[in-house]
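Student: This is the structure I have questions about; it appears just below.
Computed from the coordinates by the stated procedures, all read-outs in this text should not be read as laboratory data. Everything quoted here is computed from the prediction, not taken from an experiment. Using ideal geometry, Cβ is built from the backbone for each residue, glycine included, and neighbour counts are taken over all protein chains shown.
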């Protein structure tokens, strides 16, 4: 392999280390510290969980644009059962997951069986999810959550925030799911060549529905992580996650030689984005700078992949 | 038709090499004004390469082309179009929502200085072109609303709208019904009548006989014969020379097994009233040109294409129309002729080979990678493919990718294999290996439906050959005296009555 090829193959890792070294030199007192690492891991946990869900949907070759709305809807559902009905924390978490699964099922059925292009279907389902959310909450803020629920965000294990551990555990679970199970292999086949997958006996429609349901579960979990940390539900809390979640997944693509979306890559992609945001804030850069740099990083990473992908697929 | 002394186009000594592979060698061809010139040959004989050299898509390694005595700049599509060489592509490439006029003039619309389209001029030029193909349609009809044949003719008008003097047709009747094909041939004759010269590429030898004034026969990249007024029989003799009894392989007489597949009066988009039985261990060849229904049969049986009436039963169990999943679950394996329908390009050889049988290597939903890997290694050995299971499948050559796909179905529990051109793009050395694998499978009791554009392959592997033409079964050749020449004659439209004559000749 040429140096160039190696550089491209490991571009995500190189960018990751590069960003770490850069910010560590720029802010040696605050950036390379355990406190900062812990903060980044904790704050990235929501995006991590969403990016993992997005990865599964990308693996089967579809898009889910309802991510933010579904997160909001599930947050509203979980918080309202605690605020209005005094349900315990564990029940609220189950409600969030269930609501996410239902939204995911709706997406999956619309895409796989009704055969609406996922771009349109998930936009529509997202809009409906947003409407239901507002019907529940009437754009108010809910507080007064179960103390046990708030502990999700405050607990640490060996000084590691529980939210970061949850995100890592989900990442690990999905890594195993995609790499080692029959479902994972089926999902990857569907995304690569749906016709060939069908002709090889893969239940294409079912695989798609499962992927969207998994995405919905991730959105429900992300909602729990957001609301437990904010100790409230507030309108539009899911805004701003869609783009970075996809950005992270596309950054992670480089880890597989640009061929396949993968959980580890998405996870590292999220941490890279988190590091850049935090580092730029520490350097007193204006807040738009982070968005600018994230956009540029994404363009550079994905353009290299696009070239190689064409080569590999002979297109 | 009087043939003028100086040809409109004269190509001399065209040679095209791709690396060490010779696609075309020292080929010469001429096209006279007002005549139809045929180009025939087996797949890979060099027809397409020759056509591409003329239209400028491919720059020949050596050789020259003269148009009206002046040398043509080679490898320049724009230049070829400018002097009047136009081609009607094999596939339909209309923009269905645009109007007839817009489609005819697509890409060279008459414009005003600011870039706006001159509508009236566009309509005028379009109607001139449509008139020369005698197509009577309203200019502002969306092309998608026309019947297929008229869409085809719109494309011919489009080719003519470039002031074409030579129009090249590549397999133009492939998807047409007999009546539509006749209309198209009529259009082709009409063009010649108007003084256009036509180059007509087709496997349908009967069409060649019907429409061509002169014919060039290609084999292995070389011109082997130029004929005037070629007959069907003469062309068959040139394309598949009778090589004596050795061409038909001796097949051990086997006891016919149980019925694996039974079709009763199946009618679908491209099939009409097809009934067929495949028994265990039997290789049934399906002969027919593209669009004949042979390939459509495979797609219908595996559920990729739905059928409207009739029934398909696999091992006694009825298959629902268009239910691929059930078809595969009940033991159908499909090896598509187009590898892009079979391969998972971003994955390893292991994944590509193991996918249909993955559940056998799995416990509780988890794949045992070691078992999977050793099974795949065994399968690769059986097809003599020396590649690592972990290699990306795209790192293999086309022939080796094909071997990997064959290995996929050897490893599955398929009871019925649907093979579509199993050795397409496979090198000479690999071909017998794949053939022996197919034989081994059939001896193990697997039923095989084989579609091939290669008459030798059909003759060699099949126990019997069913002949398709335009969606209908038109005949059956039984193992007794199954030779490449007979298969070719049958699939290129030998009238059925003549079949007997042919057998008497032999």
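Student: Using alpha-carbon positions, what is the distance between the centroids of the range A:27-50 and the range A:266-281, in Å?
Tutor: Cα centres, the range A:27-50 to the range A:266-281: 8 Å.
Student: Still on this model: Could you work out how far helix B:369-382 tilts from the main Cα principal axis of chain B, as a 0 to 90 degree angle to the nearest 10?
Tutor: Result, in degrees: 70.
Student: Another question, then. I'd like the orientation of helix B:430-443 relative to chain B: the angle between its Cα long axis and the longest Cα principal axis, in ° from 0 to 90, rounded to 10.
Tutor: The two axes meet at around 50 degrees.
Student: In Å and whole numbers, how far do the C-alpha atoms of the range B:1-83 stretch along each principal axis, longest first?
Tutor: Here the spans come out as 41, 27, 18 Å, largest first.
Student: Go from 0 up to the bin containing the longest alpha carbon distance in chain A, width 10 Å each, and give me the % of pairs per bin.
Tutor: Per 10 Å bin, starting at zero, the Cα-Cα P(r) for chain A comes out as 6, 26, 34, 24, 9, 1, 0 percent.
Student: I would also like to ask the following. Within a 10 angstrom radius of the beta carbon, how do B:334, A:261 rank from fewest other beta carbons to most?
Tutor: Least to most surrounded, the residues fall as A:261, B:334.
Student: Compute the distribution of all C-alpha to C-alpha distances in the range A:114-258, in bins of 5 Å from 0, and list the percent of pairs in each, rounded to whole numbers.
Tutor: For the range A:114-258, the binned pair fractions read 2, 7, 12, 18, 18, 16, 12, 9, 5, 2, 0 percent.
Student: Something else now. Quick one: B:350, B:370, B:82, fewest Cβ neighbours within 10 Å first, how do they rank?
Tutor: Going from sparsest to densest Cβ surroundings: B:370, B:82, B:350.
Student: For helix B:398-410, what angle does its Cα long axis make with the longest principal axis of chain B, in degrees from 0 to 90 and rounded to 10?
Tutor: 40 degrees
Student: Can you give the calculated 222 nm mean residue ellipticity of chain B, where each DSSP H run of n ≥ 4 adds -39,500 (n - 2.57) and the sum is split over every residue, rounded to the nearest 500 deg cm²/dmol?
Tutor: After summing the helix terms and dividing by residue count, I get -9500 deg cm²/dmol.
Student: Let's test this: bin the Cα-Cα distances of the protein assembly as shown at 10 Å from zero up to the farthest pair and state each bin's percent.
Tutor: Final binned percentages: 2, 11, 17, 19, 18, 15, 10, 5, 2, 0.
Student: When only C-alpha pairs under 8 Å and at least 6 residues apart count, what is the relative contact order of chain B, in percent?
Tutor: Computed over chain B, the figure is 15 percent.
Student: Rounded to the nearest 500 deg cm²/dmol, what is the calculated helix-only ellipticity per residue at 222 nm for chain A, with -39500 (n - 2.57) per DSSP H run of length n ≥ 4? Display every interim value, and only then the final one.
Tutor: Numbers: 14 runs with 242 residues, N = 315.
It lands at -26000 deg cm²/dmol.
Student: Averaging over every viewing direction, what projected area does the convex hull of the Cα atoms of the range A:1-82 cover, in nm²?
Tutor: 9.1 nm²
Student: Right, here's the next one. Using the C-alpha gyration tensor of the range B:127-179, what are the square roots of 5 times its eigenvalues, in whole angstrom, with the largest one first?
Tutor: On the way: eigenvalues 60, 55, 14 Å².
That gives 17, 17, 8 Å for the three semi-axes.
Student: Cut-off is 10 Å between beta-carbons; in what order do B:53, A:48 appear when sorted fewest neighbours first?
Tutor: Lowest to highest Cβ neighbour count: B:53, A:48.
Student: Please compute, over every Cα-Cα pair in the range A:158-219, the percentage with a separation greater than 17 angstrom.
Tutor: It works out to 48 percent of all Cα pairs.
Student: For the range B:448-463 and the range B:332-356, compute the distance between their C-alpha centroids and round to whole Å.
Tutor: The two parts, judged by their Cα centres, are 22 Å apart.
Student: Here's something else I'd like to know. With all pairs of different alpha carbon atoms counted, what Kirkwood hydrodynamic radius in Å does the range B:143-212 show? The partial results should precede the final answer.
Tutor: Working: mean 1/r = 0.0807 Å⁻¹.
The Cα-based Kirkwood calculation yields 12.4 Å.
Student: Once every Cα of the range A:229-278 carries one equal point scatterer and solvent is ignored, give the base-10 log of I(q)/I(0) from the Debye formula at q = 0.22 Å⁻¹, two decimals.
Tutor: So the normalised log intensities are -0.77.
Student: Which value in Å is the Kirkwood Rh of the range B:317-365 over different Cα pairs? Spell out each step's value before the answer.
Tutor: Details: mean 1/r = 0.0785 Å⁻¹.
When all Cα pairs of the range B:317-365 are included, the Kirkwood radius is 12.7 Å.
Student: Kirkwood Rh over Cα pairs of the range B:256-300 into Stokes-Einstein at 10 °C, 1.306 mPa s: D in µm²/s?
Tutor: Stokes-Einstein gives a translational diffusion coefficient of 141 µm²/s.
Student: Using only Cα atoms, locate the centre of the range B:400-416 and the centre of the range A:154-201, then give the distance between them in Å, rounded to an integer.
Tutor: 29 Å
Student: Reported to two decimal places, what Rg/Rh ratio describes chain B when computed on Cα atoms with Rh from the Kirkwood expression?
Tutor: Numbers: Rg = 24.7 Å, Rh = 24.8 Å.
Result: Rg/Rh = 1.00.
Student: Another one. On the Cα set of the range B:83-235, report Rg and Dmax in Å, please.
Tutor: 16.7, 59
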